[in-house]
Amino acid sequence: MAGVVIHLAVADKTADMLNIKNIPLYFAGNIAPDCIHARENYGREMKRHTHFKDGIRDWDFLEPENLSIFHKRLESFAQKYCHEREDRELYIGYLSHLITDEMFIREIRSACVVKAEEYGISQTDREFFSFMMRELNWSDAFAAENYRFRNDPVDTLRKSFGCEVKDYISADEIISSTEWICQNFFTGKKHYEPALLMNPERIYDFTESAADEISVKLKYFVKNIS
């Protein structure tokens with residue numbers, strides 16, 4: 001749910017906090033769930049699957065029973081992929097993405113719902129998707145230009161090329177998505193409409209808070225992590 005550049009900023013912030021050794025793999029994991037957009041004949045249900053939200057509608061995600069299902073899926077994923085594998089930091093990045101999204105839905109999307117209602121838009125309306133994309137695109141463009149990355153995001157992602165998230169995202173989808181991110185937000189910058197809710201302070205605050213939440217929650221799902 002958070003934008004791809006916001007996910008990269010959070011990855012950049014948490015890499016040191018978590019003592020990540022293979023930063024390219026960790027960065028790739030942090031964009032991987034959204035790389036499903038590169039799949040041929042992409043459909044919305046595919047994104048629900050890569051985000052562990054099969055059978056859960058966006059506007060019902062924060063219901064306690066749905067959060068319980070989501071957290072059990074995170075735990076199952078962690079048990080399967082995040083412990084003994086040599087490429088475990090790719091999968092830890094994947095979990096970090098999903099933890100960030102949960103926080104984004106709770107804090108930012110919920111605020112967007114209230115803001116959209118001022119314009120007569122309900123979160124169940126088709127127009128709400130466009131409303132959210134306006135917020136996400138502007139936020140990503142701002143972060144790409146202004147966030148001080150310790151690790152160059154494009155170069156770091158390109159060093160991960162060849163990796164895949166088993167059962168979820170192919171190597172080609174990560175490569176295609178990296179080039180799309182580069183063209184849309186870094187080298188080939190596009191102009192996006194100003195956000196109606198998001199602003200620099202919200203972006204920086206969210207990035208800091210998401211990093212703190214990841215450092216806490218990952219310890220629950222993954223053993224031997226800082």
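The values are calculated or read from the model by the stated rules, or taken from the named source; none is laboratory data. Quick caveat: nothing in here was measured; it's all calculated off a predicted structure. Neighbour counts run over all protein chains shown; Cβ positions are idealised from the backbone, glycine included. Protein only, heavy atoms only, side chains kept; ligands, DNA and RNA dropped before computing areas. Shrake-Rupley method; radii C 1.70, N 1.55, O 1.52, S 1.80 Å.
Numbers at a glance
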{"read-out": "Test: residue in region 97-105 that is out of contact with any Gly (no Cβ under 6 Å at 6 or more places or on another chain), free of Cβ contacts under 8 Å to residues at least 60 places away in the same chain and under 22 Å from D12 (Cα atoms)", "value": "yes"}
{"read-out": "Subset of region 190-220 [within 14 Å of Y147 (Cβ to Cβ), open to solvent by 60 Å² or more (accessible area, probe 1.4 Å) and not acidic (D, E)]", "value": "R202, Y204"}
{"read-out": "Members of region 1-29 found to be open to solvent by 10 Å² or more (accessible area, probe 1.4 Å), within 15 Å of C182 (Cβ to Cβ) and over 10 Å from the mean Cα position of the chain (by Cα), listed by number", "value": "P24"}
{"read-out": "Unique residue being closer than 29 Å to S170 by Cα, part of a helix (DSSP H, G or I) and open to solvent by 30 Å² or more (accessible area, probe 1.4 Å) when the list is E75, E102", "value": "E75"}
{"read-out": "Only listed residue being closer than 20 Å to K47 by Cα, of a type in the set (D, E, K, R) and surrounded by fewer than 13 Cβ atoms within 10 Å (Cβ to Cβ), chosen from R109, R126, R150", "value": "R126"}
{"read-out": "Single residue of H83, H71 found to be over 15 Å from the mean Cα position of the chain (by Cα) and at pLDDT below 95", "value": "H83"}
{"read-out": "Top-ranked residue of region 133-157 - restricted to ones that are assigned to a helix (DSSP H, G or I) and free of Cβ contacts under 8 Å to residues at least 24 places away in the same chain, ranked as farthest from L8 (Cα to Cα)", "value": "M133"}
{"read-out": "Single match in N199, N146 (criterion: closer than 15 Å to A2 by Cα and of a type outside the set (A, V, I, L, M, F, W, C))", "value": "N199"}
{"read-out": "Complete set of residues in region 112-123 that are open to solvent by 40 Å² or more (accessible area, probe 1.4 Å) and either touching a Gly at 6+ places or on another chain (Cβ under 6 Å) or within 18 Å of P200 (Cα to Cα) (or both)", "value": "K115"}
{"read-out": "When residues of region 169-215 are limited to those that are at pLDDT 95 or above and of a type in the set (V, I, T), the one farthest from L8 (Cα to Cα)", "value": "I169"}
